[in-house]
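What follows is a short report on a single structure.
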Amino acid sequence: MLQTINGFQILRKVAESNTAEIFHVLRLVGRGRGAEAAVKVLRPEFAGDGIEREYLETEYRICSALHHPNLVRVHELQMSAKQPFLVMDYVPGLSLRQLLDKERPNLADALDWLAQVADGLAYFHEKGYVHRDVKPQNIVISGDGTAKVIDFALAAPQDRSLGQYWLRRLKEWRRPGTWSYMSPEQIKNKRLTGQSDVYGLGVTIFETATGRIPFTGETPQELLEQHLYTKVPSMTAMRADLPLKLDELVRAMMAKDPLDRPRGMRYVSGKLRSLGPRSNVQ
């Protein structure tokens with residue numbers, strides 16, 4: 001494994017995907033020497049991949065201008081390195097995926113984290129972008145309970161006009177996203193707005209509250225068809241102690257038609273917080 005990378009000492013690997021690895025590092029040289037950071041490094045077999053390099057550049061271009069406590073901040077891009085990488089804030093903690101794999105979290109804590117995620121995504125949407133890959137793996141919970149959205153590799157400007165939509169379609173030959181959390185309009189490669197992230201967060205809330213994702217399939221096609229056509233299962237049927245209003249909110253967030261979903265993440269955040277007070281949600 002790498003021990004250093006272009007002026008950073010690697011302390012440990014904190015996450016990985018099919019195309020990249022994320023490491024906790026210390027800066028060895030220059031301004032900020034000794035400071036902790038995280039670096040996202042393309043795997044060697046993808047270091048020269050034009051699409052993955054473009055995703056890395058897009059992530060830097062978008063995230064370096066973000067200033068929100070619930071979104072990770074990216075500081076530096078090194079495309080000339082043997083393995084291109086991003087430098088970003090190090091967030092000590094675990095991903096929501098890791099927490100769910102250990103045990104189902106206290107619902108009050110989980111709703112607070114997810115409301116913070118909605119706050120960050122509301123800001124992101126107001127800046128004109130859509131994340132396109134909202135899921136537990138891309139949410140990190142720090143030790144003090146702060147939730148941050150990470151991994152903006154698939155982020156893109158919202159399709160606010162037909163012209164923007166067709167420009168994006170011409171550039172992309174595949175449908176970016178994760179099948180289990182993908183909105184119907186992503187699957188159909190239709191116009192994308194923040195409503196697509198509302199759907200992904202709805203799936204994430206469902207999984208966090210019940211311990212399972214709403215749709216599964218033996219093949220990718222079967223899974224995607226369920227997102228397109230199958231009614232969202234009842235969360236309260238799986239877990240009777242869940243608030244009925246949470247079940248209703250998630251059903252609305254996962255509506256097949258984006259126009260039938262809640263009109264924005266600020267509404268979602270407010271609804272999640274309204275399910276308190278925290279002491280009454282177990």
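The values are calculated or read from the model by the stated rules, or taken from the named source; none is laboratory data. This is a predicted model, so every value here is computed, not measured. Note that each Cβ is placed from the backbone with ideal geometry, even for glycine, and that neighbours are counted across all protein chains shown.
The table for this structure:
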| item | result |
| --- | --- |
| Filter result for LEU26 (surrounded by 15 or more Cβ atoms within 10 Å (Cβ to Cβ) and over 23 Å from the mean Cα position of the chain (by Cα)) | yes |
| Some residue of the range 89-102 being under 12 Å from LEU201 (Cα atoms), among the polar types (S, T, N, Q) and either in contact (Cβ under 8 Å) with a residue 12 or more places away in the chain or in the same structural domain as ARG191 (by TED's automatic domain parsing) (or both) | no |
| GLU222 being out of contact with any helix residue (DSSP H, G or I) (no Cβ under 7 Å at 6 or more places or on another chain) and not basic (Lys, Arg) | yes |
| Among the residues listed as LEU244, LEU272, the single one being surrounded by 14 or more Cβ atoms within 10 Å (Cβ to Cβ) and aliphatic (A, V, I, L, M) | LEU272 |
| Sole residue being of a type in the set (A, V, I, L, M, F, W, C) and at pLDDT below 95, chosen from ALA115, ALA110, ALA153 | ALA153 |
